[in-house]
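Okay, here's the structure, questions in a sec.
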Amino acid sequence: MDFTTSIAGVRFPSCFMNAAGARCVTREELETLGRSQAGAIVTKSMTLEPRQGNPEPRYYAFTNGSINSMGLPNLGYRAYAALIPELRRFGKPIVASVAGFGEEDFVTIATAINASKPDLIEVNLSCPNIPGEPQIGYDADVTERLLKRVRKVVTTPMGVKLPPYFDPAHQDKMAQILDRVGVEFLSVINSVGNGLVVDLEKESVVIKPKGGFGGLGGPLIKPMALANVRAFWKLFGGRVPIIGTGGIASGGDAFEHLLCGASAVQVGTAFVEEGTGVFERLESELAVVLGKKGYDSASACVGKLKEL
Ligand code: SIN
């Protein structure tokens, strides 16, 4: 089965990759991804300075999903800028995820990371876990201003990691902004922000930061992810490639993302839970689904969702 895909002119050996955030902070984790069957190495979202992140416990898996409030633990952009050329030896695309606290941070980081020549730059507009910092992707004016500034300094294909939207008017508005800015791909969606999980035995929250509020991931968010993939695929008429993220725990889940319009998929919770073996498992499960349905490649079914 052919799992290759192409995003913004970059060829990926497999349409499966890690989601930014999942086991991709340290050199060791990034090298492990390099040796794995993942179709790319996606870095943790990087900030100006190294960060320890939020206090622990900050990740909790439960039936049907996970909640996290990691707080952007990362090595700082200088370390990733130095690492990216070294990661080239694995012969697969490198996706650099850029975050920040304020427009100036994004511009500084994007400039340096662009010079280190990753294959794609994913601008993270949607981290829900920094106390006092709103998700940028929910503010249309800030998003447009910030992306226009970043666009000017980035020559690498540039995309955005969006939060989930729950209203077509918001998706519409965001698509217009992204069109004006000229982004080359979308990553859809980040975790569903500020959920709350309760341990009824302990009568307690399950993670420490922000009083227990955190980003939800895993199977329970798949319908929100699919809806956003589909909405943006339709809004752009399939012209802007989409990386689908959210609730991919089986080959069937990946197939659903592809049908909705994703050209590739990122795996978060399932990768955290299973490790790199998840990429082989998902590929073999997707091969079975595609084969049964008469598709000879993953790309053949992209966007083919039927409406009633
Ligand atoms: C985190 O580090 O808190 C998660 C990052 C994200 O959701 O973008």
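So, residue 184, is that one touching a Pro at 6+ places or on another chain (Cβ under 6 Å), more than 16 Å from the ligand (Cβ to nearest atom) and open to solvent by 10 Å² or more (accessible area, probe 1.4 Å) or not?
yes
Further question: State whether one or more residues within the range 151-160 are within 16 Å of the ligand (Cβ to nearest atom) and closer than 19 Å to residue 7 by Cα.
Yes.
Out of curiosity, is residue 99 within 13 Å of the ligand (Cβ to nearest atom), of a type in the set (Gly, Ala, Ser) and more than 30 Å from residue 199 (Cα to Cα)?
Taking the combined requirement at face value, the residue satisfies it.
Now for a separate question. Of the conditions (1) more than 16 Å from the ligand (Cβ to nearest atom); (2) open to solvent by 30 Å² or more (accessible area, probe 1.4 Å), residue 132 clears all except one; give me its number.
(1)
Another question, then. Considering only residues that are more than 14 Å from the ligand (Cβ to nearest atom), open to solvent by 20 Å² or more (accessible area, probe 1.4 Å) and not in a strand (DSSP E or B), look in the range 56-80 and name the one that is nearest to residue 265 (Cα to Cα).
Only one residue fits best here, namely 64.
Go through the range 259-287 and report how many residues are within 18 Å of residue 42 (Cβ to Cβ) and part of a helix (DSSP H, G or I).
Step one: list which residues in the range 259-287 are within 18 Å of residue 42 (Cβ to Cβ), which gives 262-280, 282-283.
Applying the additional criterion that residues be part of a helix (DSSP H, G or I) yields 269-274, 277-280, 282-283.
Count: 12.
I need the strands (runs of 3 or more DSSP E) fully contained in the range 1-54, keeping only those with at least 1 residues that are open to solvent by less than 10 Å² (accessible area, probe 1.4 Å) and more than 16 Å from residue 270 (Cβ to Cβ). So that I can check it myself, show each step before the final result.
Values: elements: 5-7, 10-12, 16-18.
In the range 1-54, the matching strands (runs of 3 or more DSSP E) lie at 5-7, 10-12.
To keep it simple, each residue is scored yes or no on (1) open to solvent by less than 20 Å² (accessible area, probe 1.4 Å); (2) more than 16 Å from the ligand (Cβ to nearest atom).
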{"residue": "90", "(1), (2)": "no, yes"}
{"residue": "104", "(1), (2)": "no, yes"}
{"residue": "121", "(1), (2)": "yes, no"}
{"residue": "136", "(1), (2)": "no, no"}
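Examine the range 171-190 for a residue that is assigned to a helix (DSSP H, G or I), of a type in the set (Gly, Ala, Ser) and under 29 Å from residue 141 (Cβ atoms), and state whether such a residue exists. Before the answer, list the steps.
To start, the set of residues in the range 171-190 that are assigned to a helix (DSSP H, G or I) comprises 171-181.
Now drop any that are not of a type in the set (Gly, Ala, Ser), which leaves 175.
Right, trim to under 29 Å from residue 141 (Cβ atoms) and you get 175.
Yes, because at least one residue in the range 171-190 is assigned to a helix (DSSP H, G or I), of a type in the set (Gly, Ala, Ser) and under 29 Å from residue 141 (Cβ atoms).
Still on this structure: Cβ contacts < 7 Å: first residue farther than 23 Å from residue 306 by Cα, restricted to the range 261-274; second residue aromatic (Phe, Trp, Tyr) and part of a strand (DSSP E or B), any location; separation 6+ or different chain. Result?
267/16
Filter the range 26-68 down to the residues that are under 19 Å from residue 129 (Cα atoms) and under 18 Å from the mean Cα position of the chain (by Cα) and list them by number.
If the condition is that a residue be under 19 Å from residue 129 (Cα atoms) and under 18 Å from the mean Cα position of the chain (by Cα), then 43, 44, 45, 46, 47, 59, 65, 66, 67, 68 are the ones that fit.
Out of the range 153-174, which residues are more than 16 Å from residue 120 (Cα to Cα) and open to solvent by 10 Å² or more (accessible area, probe 1.4 Å)?
165, 166, 167, 168, 169, 170, 171, 172, 173
In this structure, is residue 192 closer than 30 Å to residue 254 by Cβ, open to solvent by less than 10 Å² (accessible area, probe 1.4 Å) and of a type outside the set (D, E, K, R)?
No; evaluated as a whole, the condition is false for this residue.
Right, something else. Using the structure shown, decide if residue 19 is within 20 Å of the chain's Cα centre (by Cα), small (Gly, Ala, Ser) and within 14 Å of the ligand (Cβ to nearest atom).
Here the answer is yes, as residue 19 does meet what is asked.
Would you check if residue 277 is closer than 16 Å to residue 39 by Cα and open to solvent by 10 Å² or more (accessible area, probe 1.4 Å)?
yes
Filter the range 137-170 down to the residues that are under 21 Å from residue 95 (Cβ atoms) and either touching a Pro at 6+ places or on another chain (Cβ under 8 Å) or in a strand (DSSP E or B) (or both) and list them by number.
137, 156, 158, 159, 160, 161, 162, 163
For the range 195-222, how many residues are open to solvent by 50 Å² or more (accessible area, probe 1.4 Å) and out of contact with any helix residue (DSSP H, G or I) (no Cβ under 6 Å at 6 or more places or on another chain)? Give the steps one after another, and end with the answer.
Here is the first cut: in the range 195-222, the residues open to solvent by 50 Å² or more (accessible area, probe 1.4 Å) are 196, 198, 200-203, 205, 208, 210-211, 213, 219-220.
Narrowing further to those that are out of contact with any helix residue (DSSP H, G or I) (no Cβ under 6 Å at 6 or more places or on another chain): 198, 200-203, 208, 210-211, 213, 219-220.
Going through the range 195-222 one residue at a time, the tally reaches 11.
The values are calculated or read from the model by the stated rules, or taken from the named source; none is laboratory data. What you see is a predicted model; the values in this text were computed from it and never measured. Ideal geometry is used to build each Cβ from the backbone, glycine not excepted, and the neighbour counts take in all protein chains shown. SASA here: full protein model, heavy atoms, side chains in, ligands and nucleic acids out. Shrake-Rupley method; radii C 1.70, N 1.55, O 1.52, S 1.80 Å.
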